[in-house]
């Protein structure tokens with residue numbers, strides 16, 4: 001993903017982009033903490049709802065990798081299939097780290 005292209009597509013200034021990415025990363029990390037607690041409690045609905053939140057935010061920001069993983073988590077949780085959720089959450093964490101790194105030039 002090219003940060004400059006994304007910034008243009010979204011029609012944002014560098015400052016606006018930096019602020020949105022920081023908010024996105026912060027929000028995702030909090031959602032992942034909440035999802036982890038829901039997963040530990042075997043709360044499939046909680047996992048699904050939190051994945052839905054991440055999916056929406058990543059879709060709005062056009063972070064497709066995070067969107068796709070969150071979509072899979074949401075679908076799995078709705079089917080009450082929680083076995084692979086932890087590894088998918090780890091993939092989201094890694095993707096968020098890459099996003100943060102890619103957009104450091106904007107901050």
note = Checked 12, 20, 32 against criteria (over 12 Å from the mean Cα position of the chain (by Cα) and either modelled with pLDDT of 95 or more or surrounded by 17 or more Cβ atoms within 10 Å (Cβ to Cβ) (or both)); the one match is 20
request  = Give me a count of the residues in the stretch 54-76 that are part of a helix (DSSP H, G or I) and surrounded by fewer than 18 Cβ atoms within 10 Å (Cβ to Cβ).
outcome  = 9
Per-region count, the stretch 43-73, residues farther than 20 Å from residue 20 by Cα and either in contact (Cβ under 8 Å) with a residue 12 or more places away in the chain or touching a strand residue (DSSP E or B) at 6+ places or on another chain (Cβ under 7 Å) (or both) = 9
message = Criterion first (assigned to a helix (DSSP H, G or I) and modelled with pLDDT under 95) does residue 7 satisfy it?
response = yes
task = Considering each of 105, 50 in turn, give the residue that is surrounded by fewer than 16 Cβ atoms within 10 Å (Cβ to Cβ) and in a helix (DSSP H, G or I).
result = 105
remark   = All conditions in (1) at pLDDT 95 or above; (2) within 11 Å of the chain's Cα centre (by Cα) are true of residue 61 except (1)
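The values are calculated or read from the model by the stated rules, or taken from the named source; none is laboratory data. Since the model is a prediction, treat every value here as computed from it, not as a measurement. Neighbour counts are summed over all protein chains in view; Cβ atoms, including those assigned to glycine, are modelled from backbone coordinates with ideal geometry.
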